[in-house]
Amino acid sequence: MTAPSSSELVRIASGEARLAGMLELPSSPRGIVLFAHGGSSGRLSPRNSYVAGELRRAELGTLLLDLLSRDEDSEYEHRFDVALLGARLDDAARWLAEEPHTKGLALGLFGASTGAAAALRLAASRPDEIAAVVSHGGRPDLAGDEALARVRAPTLLIVGGEDHAVVELNRQALSELTCEKELAVVRGASHLFEEPGALEEVARLAARWFKGYLGA
């Protein structure tokens, strides 16, 4: 993993909450990727950190964010509150658009679980500001058919081949998307991509997608 040229713990205001995030930038970023996770997997997750490191190797900045506080995450219903997650993700995107080090960079969204639904809702509401979306092991169906139909950002859905129910939900969501889109099924992988080589494949696919659409 390549060490970032700059690394900073940030706090982003969202309503009454202050979201903890880790902003890391290579020396000449071609874009910035905002991570969106529904719960139990935030800025300190080893899986998120690995993918973020691979994205920085591809000259992309990353912002890993805790969309829920520890207390909120302990209440299961918050993890499926797509409206709450989306509002906080929107505030983080606004912060990136105003922050001197990231202002003007093309913005990509990397979502998992219900965070993928929040990312797609944000892409639907900001068609001119979101350059690309990647979902991995996500629930894009929870964004709703109306939002999916309004997404204009090129969208890649990555799912594990052994995560059968989620594969089908992603296929259904793919059919509702009218943007440039692709479904990538990682053979032999389960929901958390814990099998040897599975997470590496997720990172490779995500880096390829974002490199193609951020800073182009």
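As for the stretch 104-114, it holds at least one residue that is out of contact with any Pro (no Cβ under 9 Å at 6 or more places or on another chain), modelled with pLDDT under 95 and over 26 Å from residue 172 (Cβ atoms). Looking at residue 120, is it over 18 Å from residue 60 (Cβ atoms), in a strand (DSSP E or B) and at pLDDT 95 or above? For residue 120, the condition - over 18 Å from residue 60 (Cβ atoms), in a strand (DSSP E or B) and at pLDDT 95 or above - is not met.
Listed here are the residues, each with its yes/no results for (1) buried (at least 21 other Cβ atoms within 10 Å of the Cβ); (2) modelled with pLDDT under 95; (3) more than 16 Å from the chain's Cα centre (by Cα); (4) farther than 28 Å from residue 57 by Cα.
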| residue | (1), (2), (3), (4) |
| --- | --- |
| 133 | yes, no, no, no |
| 150 | no, no, yes, yes |
| 154 | yes, no, no, no |
| 166 | no, no, yes, yes |
| 169 | no, no, yes, yes |
| 176 | no, no, yes, yes |
| 180 | no, no, yes, no |
| 204 | no, no, no, no |
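Among residues of the stretch 49-61 being touching a residue at least 24 places away in the same chain (Cβ under 8 Å) and assigned to a helix (DSSP H, G or I), the one that is surrounded by the fewest Cβ atoms within 10 Å (Cβ to Cβ) is 57.
The values are calculated or read from the model by the stated rules, or taken from the named source; none is laboratory data. Since the model is a prediction, treat every value here as computed from it, not as a measurement. Ideal geometry is used to build each Cβ from the backbone, glycine not excepted, and the neighbour counts take in all protein chains shown.
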